[in-house]
C-alpha cells in the first residue's frame with residue numbers, strides 16, 4: 001500500500017515539475033492561457049485518477065475519464 005502511495009507522490013511531483021517547466025517556457029500571450037488550461041486539466045486528471053480508482057476500480061475510471069475528455073474536446077470544436 002505504501003509503495004503505491006509513494007509511486008503516486010513521485011508521479012505527481014514529476015508532473016508538477018514538468019508543468020512548471022512548460023509554464024516557464026511559454027511566451028506571454030493568448031496561447032499561454034490555453035496551455036495553462038490544458039496543464040490544469042492534466043493535473044486534475046492525475047489527482048482524481050487514484051482517488052476514483054479506489055471507489056470505482058481502474059477500468060471504470062479510465063473509461064469515465066476518456067468519456068469526459070472526449071466530451072470536452074468534442075464540444076470545443
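Within region 24-42, identify whether any single residue is at pLDDT 85 or above, part of a helix (DSSP H, G or I), exposed (fewer than 12 other Cβ atoms within 10 Å of the Cβ) and over 17 Å from the mean Cα position of the chain (by Cα), and answer yes or no.
yes
Sort through 21, 47 and tell me the only one that's in a helix (DSSP H, G or I) and either at pLDDT below 80 or under 14 Å from the mean Cα position of the chain (by Cα) (or both).
Only one candidate passes the filter, namely 47.
Quick check, is residue 6 in a helix (DSSP H, G or I) and surrounded by 11 or more Cβ atoms within 10 Å (Cβ to Cβ)?
Against the criterion (in a helix (DSSP H, G or I) and surrounded by 11 or more Cβ atoms within 10 Å (Cβ to Cβ)), residue 6 does not qualify.
The values are calculated or read from the model by the stated rules, or taken from the named source; none is laboratory data. Everything numeric here is computed off the predicted structure, so don't read it as measured data. All Cβ positions, glycine included, derive from the backbone under ideal geometry; neighbour counts span all protein chains shown.
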